[in-house]
Amino acid sequence: MTREKTSQQAEPSSAGGRRRFLQAAGALGGLALLGRSAAAEKSVELPMANGGRQLATYPQKRELILMTARPVQLETPMEVFNTGAFTPNDAFFVRWHLSGMPLSIDGDAFRIKVGGLVRQPLELSIADLRNNFEAVEVAAVCQCSGNSRGFFNPRVAGGEWGNGAMGNALWRGVRLRDILDKAGVSPGAVQVRFNGADNPVVPATPDFIKALDLDVARRDEVIVAYAMNGEALPLLNGFPVRLVVPGWYATYWVKMLDSIEVIDREDDNFWMKTAYRIPKNDCACMQPGEQGVKTVPINRLTVRSFITSLADGARVRAGRPLEVKGIAFDGGYGIARVLFSSDGGGTWSQAELGKDHGKYAFREWRAPFAPKAGRSYRLTCLAVNNIGESQRFEPRWNPAGYMRNVVETVRVTAA
Amino acid sequence: MEKPILRPWLAGLIALVVSLPAAAAGTPGTVTVKLPDETARFKPGPGVETAARNCTLCHSADYIYMQPPLSRAQWQGEVTKMRKVYGAPIEERDTDAIVGYLLSQNGKPE
């Protein structure tokens, strides 16, 4: 009796078992699923033209930088990256392409369809993944292709991120390869393509679908993840499962993954053939206005590093040594070293690397810094990975604003 | 006979307790979120009604104001992309008004 009444309030259409009711009641009772209105109007100014952004608290999220409300895009403030190598789920950036994203997911009823060029099509529940496949974990950076787009010069249209469209998490799930093997990939397979439960609001808008070559899809580290930092994924990060492609840009990390399809050709849908492409050359770069540049689908992350303990324009106390902290990462070879400079790159010293969480993860680093009173400093860092790839001193330019990895500088003054 | 329903704090407490074994057993349960209301508005300007009517269907107004200031040709390109690539049902006769509005809001001097 009591149960029914509350259940009706919470979920009118639900036949509702006890646990379901309790979850619904819990949501009403104040579990952190209701986002607070952004009406408080706290804001930040990213260092770019039109860089004003509201701060907003979304469901299952702490206060983040609101780039757009629908489809929702949230940026992680840089100070979060100073708190550890792993980005907390509630601080992890959010980027959706299509406004027709589900706001309620029944994770128990959710199914991943595996089909196309396979011998045995499958429909997998989350319980199937947990019970019938080997569980694997990988720490990996998820970074938007257009992270830092707002710093391109000349500017380009798009999602005008600062540097916070990235995060590192411990992902747990099952190997995509194991799923493909269970279904049995048939001869003639070329790519595997992935769709999520999000949909366009206008039928003519291309559905967000991504594809990987079969050899990439079958790599050890590519997983279908049902947990992130030891918990279920936040809905805005793809609950109940997302694809995780360590070392590759987040565009392939399809959220709310509900379809895995093996195909006999290179996928030619809009999001592969037209969008998310980079110039087909060593630098993935070109001149503004240059025409006829051949392109390829974006793929592996470039090497990057950031100072996280000091913001640009910070004032530091002179006369006592202090430690500058930061993070570095690359596209899956691992960070070999990070160099630090307090004179804008005139002289460099090697930073001390923090714990190694694997070659796809953030690598923390620290370096001593002894500021003198009355002086200004240009603090900068430069990461090198295990195959000798490094960051650029001159920023690359491409029309979509992808793959920025220039050496970044933080200016501080000592008093 | 009409017993009081579970007090919210009690329901919340039970939900917390119950959700732990559920999570451990690997049943994800249902997650429902309610997103905050959109706060960005189409600011007043020439053609605001046409722009709001056409653009709001697919995205919030902040998509306009976060862009760097764009030239007429660039905004024209954006509107064309919305029509031809993303299939927005924008009448051709509305495009000039929309481009004009976007320029008035976030245009780059030429």
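Per-residue answers, yes or no, for (1) among the β-branched types (Val, Ile, Thr); (2) farther than 19 Å from A:Val410 by Cβ; (3) within 23 Å of the chain's Cα centre (by Cα):
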site	(1), (2), (3)
A:Ala336	no, yes, yes
A:Ser341	no, no, no
A:Gly345	no, no, no
A:Gln350	no, no, no
A:Lys355	no, yes, yes
A:Lys359	no, yes, yes
A:Phe362	no, no, yes
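Looking at A:Arg53, A:Arg62, A:Arg70 in this structure, which one is modelled with pLDDT of 95 or more, of a type in the set (D, E, K, R) and over 20 Å from A:Asn163 (Cβ atoms)?
Residue meeting the stated conditions: A:Arg70.
If A:Leu103 meets every condition in (1) more than 10 Å from chain B (Cβ to nearest Cβ); (2) in contact (Cβ under 8 Å) with a residue 40 or more places away in the chain; (3) in contact with a strand residue (DSSP E or B) (Cβ under 7 Å, 6 or more places away or on another chain); (4) surrounded by fewer than 17 Cβ atoms within 10 Å (Cβ to Cβ) apart from one, which number is that one?
(1)
Applying the selection to the range A:250-265, what residues are within 20 Å of the chain's Cα centre (by Cα), in a strand (DSSP E or B) and among the aliphatic types (A, V, I, L, M)?
Correct list: A:Leu257 only.
For the range B:77-106, enumerate the residues that are more than 12 Å from every other protein chain (Cβ to nearest Cβ) and surrounded by fewer than 20 Cβ atoms within 10 Å (Cβ to Cβ).
Passing the criteria: B:Thr80, B:Glu91, B:Glu92, B:Arg93, B:Asp94, B:Thr95, B:Asp96, B:Ala97, B:Gly100, B:Ser104.
How many residues does the range A:106-150 hold that are at the interface with chain B (Cβ under 10 Å from one of its Cβ atoms) and polar (S, T, N, Q)?
Count: 2.
From the list A:Ala311, A:Ala336, pick out the single residue that is assigned to a strand (DSSP E or B), over 26 Å from A:His97 (Cβ atoms) and out of contact with any Ser or Thr (no Cβ under 9 Å at 6 or more places or on another chain).
The unique qualifying residue is A:Ala336.
Please find, within the range A:48-79, the residue that is farthest from A:Val324 (Cα to Cα) out of those that are more than 13 Å from every other protein chain (Cβ to nearest Cβ) and out of contact with any Leu (no Cβ under 9 Å at 6 or more places or on another chain).
By that ranking, first place goes to A:Arg62.
Does A:Thr87 satisfy the criteria of being over 17 Å from the mean Cα position of the chain (by Cα) and either more than 11 Å from chain B (Cβ to nearest Cβ) or closer than 21 Å to A:Leu233 by Cα (or both)?
no
Applying the selection to the range A:377-402, what residues are surrounded by 19 or more Cβ atoms within 10 Å (Cβ to Cβ) and on the phi > 0 side of the Ramachandran plot?
Once the filter is applied, which keeps residues that are surrounded by 19 or more Cβ atoms within 10 Å (Cβ to Cβ) and on the phi > 0 side of the Ramachandran plot, the range A:377-402 yields only A:Gly401.
The values are calculated or read from the model by the stated rules, or taken from the named source; none is laboratory data. Here the structure is a predicted model, which means the values were calculated and not measured. Heads up, the Cβs are rebuilt from the backbone with ideal geometry, glycines too, and the neighbour counts pull from every protein chain shown.
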